[in-house]
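Read the structure below first, then the notes.
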């Protein structure tokens, strides 16, 4: 399964910082880079996910990391993804499966 992890991915943490006025600006800070596999979710699976209140666009597989939660984001191929849910594959701590929602395209 390791050979299928061919997408170099950034794990990000999102914070809000004052913008100098009365608002805030989102800031994404890279925690680390990992190899992952991004898999688009089919239409039927997206409908199932929406019934739970989440619009899941991709499933992402990566080696287990105990520090990744649904508070983190991923960046891959100039696209940003919010982690909605995660689980340990086969209830072991070898692999982590993330269900993510594509949020935006990152410029630059």
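The values are calculated or read from the model by the stated rules, or taken from the named source; none is laboratory data. Just so we're clear, the structure is a prediction, and the values are computed from it rather than from any experiment. Note that we place each Cβ from the backbone using ideal geometry, even for glycine, and neighbour counts take in every protein chain shown.
Restricting the search to the range 56-83, which residues are touching a helix residue (DSSP H, G or I) at 6+ places or on another chain (Cβ under 9 Å), surrounded by 14 or more Cβ atoms within 10 Å (Cβ to Cβ) and part of a loop (DSSP other than H, G, I, E, B)?
56, 57 - these are the residues of the range 56-83 that are touching a helix residue (DSSP H, G or I) at 6+ places or on another chain (Cβ under 9 Å), surrounded by 14 or more Cβ atoms within 10 Å (Cβ to Cβ) and part of a loop (DSSP other than H, G, I, E, B).
Quick check on residue 27: is it outside any strand (DSSP E or B), at pLDDT 90 or above and more than 12 Å from residue 101 (Cβ to Cβ)?
Against the criterion (outside any strand (DSSP E or B), at pLDDT 90 or above and more than 12 Å from residue 101 (Cβ to Cβ)), residue 27 does not qualify.
Provide a single number: the residues in the range 87-103 that are within 13 Å of the chain's Cα centre (by Cα), surrounded by 12 or more Cβ atoms within 10 Å (Cβ to Cβ) and either closer than 16 Å to residue 15 by Cα or at pLDDT below 90 (or both).
So the count comes out to 1.
As an exercise: evaluate residue 15 against (1) over 12 Å from the mean Cα position of the chain (by Cα); (2) over 16 Å from residue 103 (Cα atoms); (3) at pLDDT 90 or above and give the number of the one condition it does not meet.
Exception for residue 15: condition (2).
For the range 38-60, name all the residues that are farther than 13 Å from residue 11 by Cα and at pLDDT 75 or above.
38, 39, 40, 41, 42, 55, 56, 57, 58, 59
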